[in-house]
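Okay, structure first, notes after.
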Amino acid sequence: IPYGVDLREFHPVAKEDKTFRVLYVGQIAIRKGIPYLLEALATLHAPNFELMLIGSLLPEAKSFLARYGEGFKYLGPKPRAELYHYYSQASVFVIASIEEGLAMVMAQAMACGLPVIATTNTGAEDLFTDGVEGFIVPIRNPEAIREKVLYLYEKPEAREKMSQAALRRVQALGGWNEYGDQVAHVYARAL
């Protein structure tokens, strides 16, 4: 059962610029695949392209950020109540985790109209369909991440189609109340 998302808190707002922005929100850590994300995108020098990272920085990841220097924007942690704005200013959400349960940030991004590129170890298969609302790529594969990001960068109509599909998918899930009802139903059947 995919996690819910508070659709009142996470919703799209108008994008304020024409920058193709790849966004990651979460802990800046090795287990979150940050080295692979940086390898995939920090050296991509395309016009109007930006990689933005939001989240708390673990000491283990500092050397990776230093290695790629100016190839990304790191904004540090942001209050949850402001995240919808950052999601809405992005073009695609990428999570490259090596290991993860079901990353709630994926549903938050989708609720703001973002297609998601996620690794197989994020629980993405339980949330969206590969090729419809985003892409599911292998772990530890910066080439696959880069390929999918470039596809969406070069094909704005495909990105828009995925964006709308992502928003419809997460809205159809019904938020946290629906999640709670589904979990209660599963437990009741098990008992």
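Test each condition in (1) under 22 Å from Lys18 (Cα atoms); (2) open to solvent by 50 Å² or more (accessible area, probe 1.4 Å); (3) in contact (Cβ under 8 Å) with a residue 40 or more places away in the chain for Leu75 and report the one that comes out false.
Result: Leu75 fails condition (3) only.
Restricting the search to the range 43-63, which residues are surrounded by fewer than 19 Cβ atoms within 10 Å (Cβ to Cβ) and in contact with a Leu (Cβ under 6 Å, 6 or more places away or on another chain)?
Within the range 43-63, the first condition is being surrounded by fewer than 19 Cβ atoms within 10 Å (Cβ to Cβ), and the residues that meet it are 43-49, 52, 56-60, 62-63.
Result: Met52, single match.
Just the residues that are surrounded by fewer than 14 Cβ atoms within 10 Å (Cβ to Cβ), free of Cβ contacts under 8 Å to residues at least 60 places away in the same chain and farther than 18 Å from Val105 by Cα, please, taken from the range 2-39.
The one that is surrounded by fewer than 14 Cβ atoms within 10 Å (Cβ to Cβ), free of Cβ contacts under 8 Å to residues at least 60 places away in the same chain and farther than 18 Å from Val105 by Cα: Lys18.
Out of everything in the range 78-95 that is open to solvent by 50 Å² or more (accessible area, probe 1.4 Å) and assigned to a loop (DSSP other than H, G, I, E, B), what residue ends up being farthest from Arg8 (Cα to Cα)?
Result: Lys78.
Right, Met106: over 20 Å from Ile30 (Cα atoms) and either surrounded by 14 or more Cβ atoms within 10 Å (Cβ to Cβ) or among the polar types (S, T, N, Q) (or both) or not?
no
Tally the residues that are of a type in the set (Asp, Glu) and either under 24 Å from Ala124 (Cβ atoms) or touching a Gly at 6+ places or on another chain (Cβ under 7 Å) (or both), restricting the search to the range 61-98. Lay out the reasoning, then the answer.
Within the range 61-98, the first condition is being of a type in the set (Asp, Glu), and the residues that meet it are 70, 82.
From the residues that got through so far, the ones that are either under 24 Å from Ala124 (Cβ atoms) or touching a Gly at 6+ places or on another chain (Cβ under 7 Å) (or both) too are none.
Of the residues in the range 61-98, 0 are of a type in the set (Asp, Glu) and either under 24 Å from Ala124 (Cβ atoms) or touching a Gly at 6+ places or on another chain (Cβ under 7 Å) (or both).
Across the range 87-99, what is the total count of residues that are closer than 14 Å to Pro138 by Cβ and in contact with a strand residue (DSSP E or B) (Cβ under 8 Å, 6 or more places away or on another chain)?
Looking only at the range 87-99, we keep the residues that are closer than 14 Å to Pro138 by Cβ, and these are 94-99.
The next check asks that each one be in contact with a strand residue (DSSP E or B) (Cβ under 8 Å, 6 or more places away or on another chain); those that pass are 94-98.
Result for the range 87-99: 5.
The values are calculated or read from the model by the stated rules, or taken from the named source; none is laboratory data. The structure displayed is predicted, hence computed values, not measured ones. Because the Cβ atoms are built from the backbone with ideal geometry, glycine has one as well, and the counts that use them run over all protein chains shown. SASA here: full protein model, heavy atoms, side chains in, ligands and nucleic acids out. Shrake-Rupley method; radii C 1.70, N 1.55, O 1.52, S 1.80 Å.
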